[in-house]
């Protein structure tokens, strides 16, 4: 098979940043993806209807034909009455960041239960609650699992609220999500958690371009993540968590985030084919995320050609997580 045709895919967790850099990052994502769920942890954060509208307009100007799926950042003391206006401004989800858990989360949440009125309003508006599910201050390899009980409290309090456990990295989280109803609870899985382990991050020389939050875990965790996505489990769909940082911020300041948007689809195709499950790729990237968010599936098509190529060492002063990796598929056409 020399060509692979897929329904145009979605990236259901994407960082595009701000300013002039946004133009590059949006175009990189638009090369392969028809839509992207854009995260709100900018400075200032996306917390108002006007900010959400303007963010959408900037992205559409930068990358015509690419549809941003917009989110708002849930801050402590947020007025539940604002939720309806945010939905009218185009938001499809709100994002919860615990305080200090990742980039630009210094203004994040300490008391999750104090925000239950916001979650109730979101359930009433049929908006999705996306959660960066880690407990800051817990041991770094246990932060994700430490959030399980909080995640369950939210689900039990608001069983009609759609919840996404973002960027799952731990096999124990897969087990948690599998026990919950797939129409109400889902999880995103990234490219970098499917490809890399702690050995890649720091088994030899430390590779700062693989440092993310949550950190990549063990080979057993990676194996469980792969099995989950290869199996077609309806709970799990693709969200890259592609998060660009300039080289200096990664190498001198240790900024958390992996840049994968420019080549994520090709790397996924190469991975799925290597495991003999290429037919499972479309469901992971083009169907289950749209279904969970209540969106129509994309009508356009994406065509990849069998071609060996090497991921560049740099995009726009950002070192990609897969720099120097040989891939076996290349996007050649996107329609619609």
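Quick notes on this one:
- At 0.692 mPa s and 37 °C, Stokes diffusion of segment 146-261 via Kirkwood alpha-carbon radius, µm² per second: 219 µm²/s
- Inter-centroid distance (Cα atoms) of segment 7-43 relative to segment 291-323, Å: 11 Å
- When the alpha carbon gyration tensor of segment 62-109 is reduced to an equivalent ellipsoid, the three semi-axes, largest first, read 22, 17, 6 Å.
- Tail weight of P(r) past 18 Å, computed on alpha-carbon pairs of segment 220-270, percent: 49 percent
- Centre-to-centre, using Cα atoms only, segment 131-177 and segment 179-202 are separated by 12 Å.
- Rel. contact order, % - alpha carbon contacts under 8 angstrom, at least six apart, segment 3-335: 19 percent
- Its alpha carbons considered, segment 261-322 gives a radius of gyration followed by a Dmax of 13.9, 37 Å.
- Working ranking of peptides 307-314, 217-224, 3-10, 80-87 by packing, defined as the average number of other Cβ atoms within 10 Å per residue, highest first, is 3-10, 80-87, 217-224, 307-314.
The numbers here are math on the coordinates, done by the rules we state, and not lab data. Everything numeric in this text was worked out from a predicted model, so none of it was measured. Neighbour counts are summed over all protein chains in view; Cβ atoms, including those assigned to glycine, are modelled from backbone coordinates with ideal geometry.
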